[in-house]
């Protein structure tokens, strides 16, 4: 690995950017619920009430849900630019050529990709071919974690609790499955709540078939059918590597602010429709209001999963309690979102602020962690003083 004597390095910021024109609304999503009058109105985008009493919410095209806005990309760029030189590289068809020509010293990769079940591994694979060190997990870990079933299989092998599950590759597979209700149906290879709507929690064979067919037809990929756990839900930001990895303060999802009748799940509607910068919900508690025993158990399962799956530098891991109060892993995200504004309600920056890290300090800290791991000679920030894990 190359070693650089200077303190400033040339960092390629590799990204995918949303285009506002791609956020057009398509078909509505239907939910039978009533709004809680004791809660301030949420952004329901002019819902329509049908004769059967269900409420229809316009469903936003979620194809680019995982990609960043230019505001986020510029915020990351500005944070890096305080200490290093930045080269901007969009993760499009010419990305390999641009990286080869620019030959940066290091890559800060936040690109998600679009096509294929290993799309998050595409840019890291290019970087490894070009021998450019980079931030974050390697292609194998990224591809594994984007496959929810494969992730759960690995965790199950290591006796890490995760909800029982099945996978439907076609409609006919449902007939042979033994499913405990309620369950939740998700696309197998998505993130950022893409494909997860209020209707995805199913309580009957008819609802199960409906949601499986929706996933197969809309996302053209298998459907994960997972036991829906009834307990509290947390998300945990992790930084560092190996035995030096640590958790930032735990974030709890507060479902009390949701409309009456909505399923307690952090759905696409909750993340991108109801909770907006202009009308933010008090959806998160950070630090979570939990006792020391539960905090220790959540952090232990999170760090075990982080290391088992080979995550590097940073990740965000979602946990839910089962009916016995046992923490279960429900999602591992090695490419965590880092929206810059407080009102964006982005969990990783929220957890960082809880230990006194500003947005710029968060970006610089995780960059230093990665630069230290790859052997590039730059100062490395110490663990935030408020972190004890």
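Worth pointing out:
- The Cα atoms of the stretch 257-360 give a gyration tensor whose axes a ≥ b ≥ c have a/c of 1.5 or more with a/b no greater than b/c, which makes the shape oblate.
- Gained length - residue 101 relative to residue 114, 0.36 nm times residue gap less alpha-carbon distance: 2.3 nm
- Potential extension, residue 204-residue 282 segment - 0.36 nm per residue separation minus Cα distance: 24.9 nm
- Simple spin-label estimate for residue 128 and residue 78 in nanometres, 7 Å along Cα-Cβ: 3.5 nm
- Residue order, fewest to most beta carbons within 10 Å, for 314, 274: 274, 314
- Global form of the stretch 179-324, assessed from the alpha-carbon gyration tensor, a/c cut-off 1.5: prolate
- Shape of the stretch 95-163, Cα gyration tensor, a/c cut at 1.5: prolate
- Percent of Cα pairs exceeding the 20 Å cut-off, where the set is the stretch 164-228: 11 percent
- Working ranking of peptides 158-170, 358-370, 211-223 by packing, defined as the average number of other Cβ atoms within 10 Å per residue, highest first, is 358-370, 211-223, 158-170.
- Listed peptides 197-208, 94-105, 258-269 by packing density, highest first (mean Cβ within 10 Å): 258-269, 197-208, 94-105
Each reported figure results from applying straightforward, stated rules to the coordinates on display, with no laboratory input. Quick caveat, the model's predicted, so the values are computed rather than measured. As a convention, Cβ positions derive from the backbone with ideal geometry for all residues, glycine included, and neighbour counts pool all protein chains shown.
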